[in-house]
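For reference, the structure discussed in these notes is given below.
Since every read-out is calculated from the coordinates, none of them should be taken as a lab result. Treat the numbers as computed from the prediction; the structure is a model and nothing was measured. Note that each Cβ is placed from the backbone with ideal geometry, even for glycine, and that neighbours are counted across all protein chains shown.
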Amino acid sequence: MIKVMNLSYQMKKFSMENVDFSLEDGYLMTLLGRNGAGKTTLLNLIYGCLTPTTGMVLWNGADVTGKHAMESKNGDLLYHEEVAYVGNRTWCVESLSCNENVSMFKGLYSSWDEERFEKILKLVEFSEDDLSTKVGELSSGKAMQFQFAFALARHPKLLLLDEPMTNLDPVVKTDLWDLLLRTISEENISIIISTHLVEEVNHITDYIGVIEDGKLVKFGDREQVLGEAFQDGDYTEGLRGLLEVKYEQADR
């Protein structure tokens with residue numbers, strides 16, 4: 001279980017304030033918000049790339065806040081061996097080919113599954129030529145496909161996805177959603193996905209968190225948040241704009 005406790009983060013022109021939620025294993029949570037609302041910052045805080053001003057991130061009860069994400073807990077696996085991050089800012093060495101990046105990094109993960117990696121590459125139509133291409137020369141869509149394959153080949157327990165479907169082919173999107181849902185069911189993993197396009201996750205998400213100006217203004221299960229969106233007169237228009245759905249969909 002991932003638990004975020006009163007997380008705050010201060011920058012010159014942006015602040016995140018007292019974000020608090022938890023997600024059990026085996027569920028998909030959507031972070032919903034406009035561009036610049038704080039979705040990427042929150043994922044980076046959860047992953048450990050950033051250290052919060054105040055608050056904590058707990059993974060199965062262990063403190064993985066900031067630098068603690070790199071520490072071993074009583075001989076257990078490192079947090080970063082159990083969590084994977086897929087986003088526009090790739091972890092890869094962009095001057096190296098995809099194959100060279102795989103050779104460099106796969107040994108860091110004891111759960112690495114070469115067969116699964118090859119199957120996912122085939123699923124997303126990532127070719128041998130693509131594998132030989134420098135990561136920095138890949139299109140944004142191809143770079144995202146490569147990150148997906150690498151992340152899922154690690155069999156992560158927690159998968160963080162930052163606007164992952166934006167530049168992907170519609171057919172590839174459908175195949176990846178099916179794969180993610182199967183992975184949640186078969187491996188009991190948790191997924192947190194940030195997006196501003198709710199129509200892509202509206203039918204599959206379990207929980208929704210709405211971020212606005214660095215604040216988690218809504219959080220709950222799917223039916224609860226969508227129901228409140230259509231009944232709360234003070235917030236209806238703003239949330240409706242974020243969700244990009246029509247009023248009558250609340251009655252489905």
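Rg and Dmax of segment 2-251, based on Cα coordinates, read 18.2, 54 Å.
What is the antiparallel percent of DSSP beta bridges lying wholly in segment 2-251, to the nearest 5?
Working: 20 of 38 bridges.
Of all bridge pairs located within segment 2-251, approximately 55 percent are antiparallel.
Using the average count of surrounding beta-carbon atoms within 10 Å as a protection proxy, the listed peptides 163-174, 41-52 rank, highest first, as 41-52, 163-174.
Each other residue within a Cβ distance under 11 Å of Val93 adds +1 if Lys or Arg and -1 if Asp or Glu, for a net charge of -1.
Rounded to the nearest angstrom and listed largest first, the equivalent-ellipsoid semi-axes of segment 78-225 from its Cα gyration tensor are 27, 17, 15.
Spin-label pair Ser111-Glu223: with each label point 7 Å from Cα along the Cα-Cβ axis, the two points sit 3.1 nm from one another.
FRET efficiency for Thr166 and His203, Cβ-Cβ distance as r, R0 = 25 Å, nearest 0.05? Each step should come with its number before you reach the end.
Details: r = 18 Å, r/R0 = 0.73.
My answer for the efficiency is 0.85.
In this structure, the pairs whose alpha-carbon distance is over 30 Å, taken from Lys39/Lys134; Lys3/Lys134; Lys134/Lys215; Lys12/Lys218; Lys157/Lys215, are Lys3/Lys134; Lys134/Lys215. Would you mind checking segment 154-170 for residues with the amide N under 14 Å from a putative spin-label position 7 Å along Cα→C-beta of Glu187? Of the residues in segment 154-170, 154-161 have backbone N under 14 Å from the label point off Glu187.
Net charge around Asn167, counting only other residues with Cβ within less than 12 Å of its Cβ (Lys, Arg = +1; Asp, Glu = -1)? Residues near Asn167 contribute 0 overall. Relative contact order for segment 2-251: 27 percent, from Cα pairs under 8 Å spaced at least 6 residues apart, divided by residue count. The GluC sites (Glu not before Pro) of segment 1-108 that DSSP puts in a loop, and whose beta carbon has at most 15 other beta carbons within 10 Å, are Glu24, Glu71, Glu94.
Just report the Cα centroid separation between segment 82-100 and segment 145-220, whole Å. Cα centroid to Cα centroid, the span is 17 Å. Dividing the radius of gyration of the alpha carbons in segment 107-169 by their Kirkwood radius gives 0.95 for Rg/Rh.
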